[in-house]
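The values are calculated or read from the model by the stated rules, or taken from the named source; none is laboratory data. Treat the numbers as computed from the prediction; the structure is a model and nothing was measured. Neighbour counts are summed over all protein chains in view; Cβ atoms, including those assigned to glycine, are modelled from backbone coordinates with ideal geometry.
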């Protein structure tokens, strides 16, 4: 697909899923939600929707609770994962509030039914929201323990027929090691799904990468902290790594 093939709007992807970690909502805080950071991400989402792109989101919960670390502390893994899912609902509501402050119609759909605060996830209803130019935030992961929000992002991107899965992180792409800890880490511009899996690169977990590969959905990894980064990546500008 060439730059203007899909819609004449100067971007490559008509419908995308943005996956951001809970940690990226912490800003400079040690834990929790930084309202300024949430507002900055919401503005980036609005800018992309204004290009004519349909956007859905999956947000992790690691800024509030992480099931794996709960399990390491002696908690039953399934219980820890359910607590992590509830953390993602809190993040989704914070993001919905920030988007609606910018006059963006937004729906939160949860894989765990919590009808007082959000809609249950129903695939066809989610598709309808996107067609009506609403931002859809998928909360509570897949609704099952032992799966990460990365896997939930790849699953929802597949179900929604997204043309790309964008992972907004704290670094500007995929590195051979953690660049915040290893100054010699090498940055990649392009990778294949198989390279990511065989070299165990920490892009997303293996089941998420396999699912994206099965459904031919490219994964674009970029820094969500880079102002306007989301919009630039959609045009294949700026710094990012593409896995395809």
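Restricting attention to region 168-190, does a residue exist that is touching a strand residue (DSSP E or B) at 6+ places or on another chain (Cβ under 8 Å) and within 19 Å of residue 15 (Cβ to Cβ)?
yes
Within region 131-147, is even one residue out of contact with any strand residue (DSSP E or B) (no Cβ under 9 Å at 6 or more places or on another chain) and not in a loop (DSSP other than H, G, I, E, B)?
no
For region 96-116, which positions are free of Cβ contacts under 8 Å to residues at least 60 places away in the same chain, touching a strand residue (DSSP E or B) at 6+ places or on another chain (Cβ under 6 Å) and surrounded by 17 or more Cβ atoms within 10 Å (Cβ to Cβ)?
Residues satisfying the conditions are 96, 99, 106, 107, 108, 109, 110.
Taking residue 200 and the conditions (1) surrounded by 13 or more Cβ atoms within 10 Å (Cβ to Cβ); (2) in contact with a helix residue (DSSP H, G or I) (Cβ under 9 Å, 6 or more places away or on another chain); (3) at pLDDT below 95, which numbered condition does it fall short on, given that it satisfies the others?
It fails just one condition, (1).
Against the condition surrounded by fewer than 19 Cβ atoms within 10 Å (Cβ to Cβ), within 29 Å of residue 29 (Cβ to Cβ) and touching a strand residue (DSSP E or B) at 6+ places or on another chain (Cβ under 6 Å), how does residue 119 come out, does it pass?
Judged against the criteria, residue 119 is not a match.
What strands (runs of 3 or more DSSP E), lying completely within region 155-244, carry at least 2 residues that are more than 14 Å from the chain's Cα centre (by Cα)?
By residue number, 241-243.
Considering 116, 87, 152, which residue is in a helix (DSSP H, G or I), modelled with pLDDT of 95 or more and out of contact with any helix residue (DSSP H, G or I) (no Cβ under 7 Å at 6 or more places or on another chain)?
Result of the check over 116, 87, 152: 152.
Out of region 62-93, which residues are buried (at least 24 other Cβ atoms within 10 Å of the Cβ) and touching a strand residue (DSSP E or B) at 6+ places or on another chain (Cβ under 9 Å)?
Correct list: 85, 88, 91, 92.
Identify, please: which residue in region 14-33 is modelled with pLDDT under 95 and assigned to a loop (DSSP other than H, G, I, E, B) and is, among those, surrounded by the most Cβ atoms within 10 Å (Cβ to Cβ)?
Result: 21.
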